[in-house]
Structures are given as C-alpha cells and as structure tokens.
Amino acid sequence: QVLVVGCGNSELSEQMYDVGMCEDIVNIDISDAVIRQMQERSGSKRPKMSYLLMDVLQMDFPDVHFQVVLDKGTLDAILADEEEATLAKVDKMFAEISRVLQIGGRYLCVSLAQAHVLKKAVEYFSQEGWVVRVHQVASSKDEQQFVLPIFVYVMTKFRKIPGSAPQILEICPEEQDKPMRVESAERLVAAVKDRQHYALLCSQLSKTPCAEQVSLDLCDKESGRPRYTLHVVDSPSVKPSRDNHFAIFIIPQGRETEWLFGTEEGRRQLAASAGFGRLVTVALHREQHYEGMAGIQAELSGKVMELAPPGLPARQQVPFLSVGGDIGVRTVRHRDTSPLSGEYVVEDVKGDGTCYFRRLIFLRNRNVVQSEARLLVPTPLPGQKKRRKDKKKPSPAEPPAAIDKSYLCCEHHRAMVAGLCLLRGPDPLPAPLTVLVVGLGGGSLPLFVHDYFSQACMTVVEIDPSMLEVATRWFSFSQGDRMRVHISDGLDYVAKLAAEVFALLPAAPAQYDAVMFDVDSKDLTVGMSCPPPAFVEKPFLQKVKTILKPEGVFVLNLVCRDAQLKESVLATLREVFPLLYARSIEGEVNEILFCQPSPEGWLDPTELGTRARALEGALRQPGRPWDSSYALADMLQAVKIL
C-alpha cells in the first residue's frame, strides 16, 4: 500500500502501476483541478489506483495504514524557507506521515537536497529513532541533464526506544552499491553538499575553460580520507587539435611539494610545456596504497572524464602522463604526534634520477616540507667485487639510509649561510664564530655551519623536544663541544640573554656574531607561517639586537603571504636595525632578511661579491664536498637593500 503525497500531475504513479511495481496506490493533493485531471487521465485504465483531494498536513487515513509514503518534490515545495510558520507546517507534515506509516514502513522523499531541507528531515526522523539513508540517484551526466544531482531520502520507521539510542545515518553515492555510515546529521549534510558542489563544478568545466585553477580531493570509499588531489589547469595559449585536448598527469609520490607540481605557476608551466588544452594533475596521498600506474589509470579513468573540457571528441583516448613513466617512491620511516607540532611523518622520497631525499612533514600543513636532507648513495669500497649477476639485486624502491650532511637541500638555507658574508672583519672565516639558531627542524642548517665553519660555536634553541629526537634519530644530528641544543621557547631564551646583558653592563658577556631565525608558526590562521608574529614585534627585536655584536648579522627567514602584514614587519625591522638587506627565493614565498645593528656595515655590490668569493674560497677545502649550487656570490647578487 503506497501513499503519494502532493502527487500533482506527475506520471510517476501511473508508470509504477503500468510496469507492475505496485497497484494499490493512493494519490493526494490539495488542488481540486489536479485531482480531477488525474482521475480523468487514469479512469478505468488503473482501477486499483485512486486520487483524493486531501492536505498532507491533515490526512483522513487511519493510523499505520500504509507501507510506503512517496514524496516527489512536495517537501522541497513546502520548505521553501526557514520561517517559523514554514517549519511548523513541515513538523505537521512529518507527524502525519509518521502516523499513517506502519512500523518498518518507509518514507521515500525525492529532493534536490538543499541544506536546510535535508537537515530538517534528517534531524526530525533520526530523533524519532528512524533509520535514515540518503541515495544519490541522478547527476549532470544523466539523460535529464540536471545540473544538480537528485537525491532520495529513505526513512525507515522503527519504534522509538526510550533514552539515547544511537542514530543510524547513511549515504549511498551513485557510483557505490554499498552505503556509508556517517556519524552525525551535520556530516551527512556536508557529504551531500560535497556531491552538489562536484556536480556544479563538472557542469561548469564541461561548458567553459576555467580562468583559475580548480582543485578537489577524491576520497577513499572505505576510510573517507583523501586519496587523490586533483588540479584542473587550462592553457588558453595551446591551439586545440584532435590529440591535444585533454591529458592526466600523475605526480610521482613525494614530489607534490616541488615548485613545478605544488604551485599554481608551476602547474601552469607544466600544462603549457605538455601541450594540452586542459591538464589534470593528480597528487597521491601518503596514507594510501597504489597498484602502480596501470592501477591508478583504471581507478581514475571514469572519474577524470567528468572533468573533460568542452569540445573533446567522442571516444577520444585520454593519455596518462608522468615523470619517467612511474608513480615514484615514498617510504614512510617514522610517524608520530608531538603535543606542540601535531602529527608528523619522516619519509624518504625519490627525486630526479637516482637521488633520494629524507623529509620531515607536519601533517597540519602537508604540502610544506619542514626539513629535507639528501641521502648518500652507497659506493663500493676499493677492491670490492661487483655483485654477481645471478645474485638477487637490491630493490630499486629501497632508499639508502645515510644522510649527506654536506648538502643543503633548501634554497633558503643556502641564502641564510650566504648572509654570513656580511660579517665585518679581515678574515672571511671569523674565529671564533658564535651563532645562535632558533628553530632546529631536522638540523641541516646548524649542522652545515658547524661542519664548514670549523671555529663556529653553535647554540640551537628548539621549543619542541620531539624535534630534537627526530633530528638525532633520522637526520644524523649530534651535539658536541661546539654544538649545544636548548629545549626552550625562543622568545624566553632570547629575553633571558638580553636581560643578562643589561644586568652586566658595561662589562657585558660575549655576544653573538650571527643570530638566525628559522622557526615556523603553529597558528595557520595568520598570513605569516614563519616566524610566529611575536618574533617580529619591536620589543623582542630590540632584545635580539642587544645580544648581537655591533658588527654582527641577524638572519630571518620570513614566509608571509599577507602583503599588508609583510610591509608592517619590514617597517618594524627598519625601526630596530638601520641596515636591512632582503633576498627573495625564486619560486617560493620565502624572503631572507639580513639585518645589521650598525649602518657602518653597508657594503656595495662589488664589496659584497668580493667577500662572498673570499668566504666561498675559505670554505672549499680539499677533500670536503662542495656543491656548485652554493655559489655564494651568485646567491647574494639578487640581494636588495631595503
């Protein structure tokens, strides 16, 4: 027994009757004209089906009379707004549906699932102890050509259990047969909204090229965690032909943070060089397992075609591209959670060619490499025999384990080291050299200065004890006579040193030749991710100046996307330090600032180049590795005085 509420002049009941799905169908509507029209249309052709003039808010049927109540758009029409009177009507409608429906019966509601409509229905029936499931049944690709998908709420009536019985809420997307359980009404509404946004996106992308890059996550069906991150990049400059409309580019694992793949400008350059009108880049997530390129292609083929550009020829073969034809190598070495830094991973990834790199990633900002070190490729010892061909070869996916301490992966670290050229004095390698570094990370920066400046005495301040453990265990960091780490807040440590200087004036203790800040901000809501705002406030910067020698240099790694905030930081620095240089890092947001406490330290470009070449010559020692990318004079060529 089926009750159709608000039947209108829809053919749905007639079609259900004619195909034999069910015959005992009662249709009600508040329009007398509609009821007469439908009675005449069905007439004697469907004798068991009836049309009655009746209001769903006040029905004449006895209790528990129907097995199914079917609603195609009536709830959407009644719940047009969230006014108090409207909500009261909907409560009456739901109460009447609940009254006439049998235990175990179902209320089926076809809806466009506007957020307020879905939320009201889910909350009402779940609180009554009903099982709630939402099915997605139509999308923009169906023959109806609806832009928004259509949903059916399936509300199954159960006896209400006294107390707080667990809610059963499920969603069944169109591409899945198995429903997924969700934990709350809010999460169910959010899941439906994701589907609606995706349908709108696909509709827009199928009609016009996108002026801005579009990004979306495709999530794992079981866990709900992101599995792929897609960026849709259109290249207007590419002249379309039959074979260059559309391509998919799989970013090798671990390389999604590189400039070419991890920035808008890089992806734009990649798309243009690939020569396709639309390129979809696909980043793979570390929590997921992938069955090689063929497996990814089979998994994504149907979904990426929903993102195809306008004008794509029918049955066009869409190529899957990658670097070197594989999906790269990512090996998670360590995973843990720090009370201060949150969840983090240490992973080894394969770069270009045979190079491997070890990286520290804070998962709260998973697209940023916190620390990075190159791994040493083992070389055979003199006289060591080559491996016989018949013996098992080492797995190419197994990265080497030893850290190359001589190599600075991060461009901003190289610029910070180059800033030591600004130290005044006759010797390009000051001896002794006292350096304070705030922010340890993997320890690459203090290790490099320690190893290449043989007279350097390093003091490192790190607020998070977990990072010292990570640097020691995974990045070959070690302490000694010339390298000490203090677990402390950098603000407190510098303030304490400054207080000691003031207390002992004029016989102040020895101060630092260089102070380096490479410390990230834990607050992602601020437009500056390095350093935390408190580190660039004027009173604290004055304390930094206090512990710095008059001829010393303060080196700051500034990562600020907020232009107004950045200008404010630079203005404050200029108030404290009379001499300020800046070095931008190409392709990055980072800007390295070199601040000196005395205007007498100014060097013209010629002098700066001379000092840089002298320092580089002193650091290049026989038997000590030196990478050509450490050209200090070239590094300082782009420095500008602020």
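What follows is calculated from the coordinates using simple rules that are stated; it is not laboratory data. Computed from a prediction, not measured in an experiment: that's the story for all the values here. Glycine gets a Cβ as well: all are built from the backbone with ideal geometry, and neighbour counts include every protein chain shown.
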Nonlocal amide H pairs with residue 51, under 5 Å, H built at 1.01 Å:
27
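Order 337-344, 439-446 from most to least packed using the mean count of other Cβ atoms within 10 Å. Walk me through the intermediate numbers first.
Numbers: 337-344: 13.8, 439-446: 26.5.
Top of the packing list down: 439-446, 337-344.
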With θ taken as phi - 60° and the coefficients 6.51, -1.76 and 1.60, list the Karplus ³J(HN,Hα) couplings across segment 486-493 in order, rounded to whole Hz; mark glycine and proline as x.
10, 7, 6, 6, x, 4, 5, 5
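Hey, can you rank 404-411, 289-296 by average C-beta count inside 10 Å, highest first?
404-411, 289-296
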Placing +1 at every Lys and Arg Cβ and -1 at every Asp and Glu Cβ, with all other atoms neutral, what dipole size does the chain have around its Cα centre, in debye to the nearest 20?
2300
Taking alpha-carbon centroids only, segment 78-109 lies from segment 529-578 a number of Å equal to 61
For a 29 Å ceiling on Cα separation, which of these pairs sit above it: 193/566; 405/566; 350/405; 48/89; 45/119; 239/566?
193/566; 405/566; 48/89; 45/119; 239/566
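First select every other residue whose beta carbon is under 11 angstrom from the beta carbon of residue 309; then total the charges, Lys and Arg +1, Asp and Glu -1. Present the calculation step by step, with values, prior to reporting the outcome.
Working: positive: 207, 278; negative: 234.
That works out to +1.
All other residues with a Cβ under 9 Å from the Cβ of residue 128 taken together, and with Lys, Arg as +1 and Asp, Glu as -1, what is their net charge? Before the final figure, lay out each step's value.
Details: positive: 157, 160; negative: none.
So the environment of residue 128 carries a net charge of +2.
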Could you go through segment 584-600 in sequence order and give the Karplus-derived ³J(HN,Hα) for each residue, using 6.51 cos²θ - 1.76 cosθ + 1.60 with θ = phi - 60°, rounded to whole Hz, and x for Gly and Pro?
6, 9, 4, x, 10, 7, 4, 9, 9, 10, 10, 10, 10, x, 10, x, 5
Take peptides 467-477, 304-314 and line them up by average Cβ neighbours within 10 Å, highest first, as a rough protection proxy.
467-477, 304-314
What are the extents of the Cα atoms of the chain along their three principal axes, listed from largest to smallest and rounded to whole Å?
110, 67, 48
Can you list the HN-Hα couplings for segment 208-221, worked out from phi with the Karplus curve (6.51, -1.76, 1.60; θ = phi - 60°), rounded to whole Hz and with x for Gly and Pro?
9, x, 8, 6, 10, 5, 10, 10, 7, 9, 9, 9, 5, 5
Loop sites in segment 51-104: GluC sites (Glu not before Pro), DSSP, at most 16 other Cβ within 10 Å:
82, 83
